[in-house]
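The next block holds one structure in the form of structure tokens; read it before the comments.
The values are calculated or read from the model by the stated rules, or taken from the named source; none is laboratory data. None of these values were measured; they are calculated from a predicted model. As a convention, Cβ positions derive from the backbone with ideal geometry for all residues, glycine included, and neighbour counts pool all protein chains shown.
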Amino acid sequence: MKLARIARPRDWRLWLGALALSMFVTGGASGASGKIEKVDESELLAVGFKVLVAKTSVQEDWVTRLPPGQIRAMQRTGKKFFIYPDAPRKQIYIGGPNEYAAYQQLHPGSKLAAEEAAKQASAYRRKQDESMQKATARDKSDPFLGADWGDLGW
């Protein structure tokens with residue numbers, strides 16, 4: 001019985017290649033979002049966002065790990081929230097859908113970016129639906145779903 005598998009150099013190159021490819025893809029996705037619009041904290045407070053200060057080291061770490069300079073949607077206990085991190089002060093600005101809608105009215109340009117992202121997501125889901133419908137039609141036409149008598153072990 002083999003207890004440990006010694007990785008061959010070929011395996012390491014494969015893993016490093018996969019890692020590099022994934023970093024390239026995620027880097028391209030984050031770079032495609034465009035410019036980061038500066039969010040004014042006083043505007044957030046004016047439209048009703050509340051300030052939550054991090055009190056523990058875990059909370060401080062979480063605040064510093066959030067992507068800076070952008071409002072992020074989150075869901076907690078079935079409720080939707082929008083947060084904006086302020087890492088230097090170790091605090092976040094948090095608001096609900098009404099506060100975020102009020103902020104969007106102040107900045108109509110950022111609304112266009114959100115609509116464009118929604119269109120891209122819709123196109124992606126539509127493409128997935130088409131491929132799933134083709135796969136379902138293929139599966140319904142083949143009663144054995146691609147299985148052969150040899151696969152049954154007879």
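Are there strands (runs of 3 or more DSSP E) fully within segment 1-102 with at least 2 residues that are at pLDDT below 85 and closer than 27 Å to Ala118 by Cα? List them. Walk me through how you get there before you give the answer.
Details: elements: 50-53, 72-76, 79-86, 91-95.
Qualifying strands (runs of 3 or more DSSP E): 72-76.
Whenever a residue of segment 80-96 is over 14 Å from Trp62 (Cα atoms), its partners that are of a type in the set (Val, Ile, Thr), lying with C-beta atoms within less than 6 angstrom and at least six residues away or across chains, give the pairs Phe81/Ile94; Phe82/Ile71; Ile94/Ile83.
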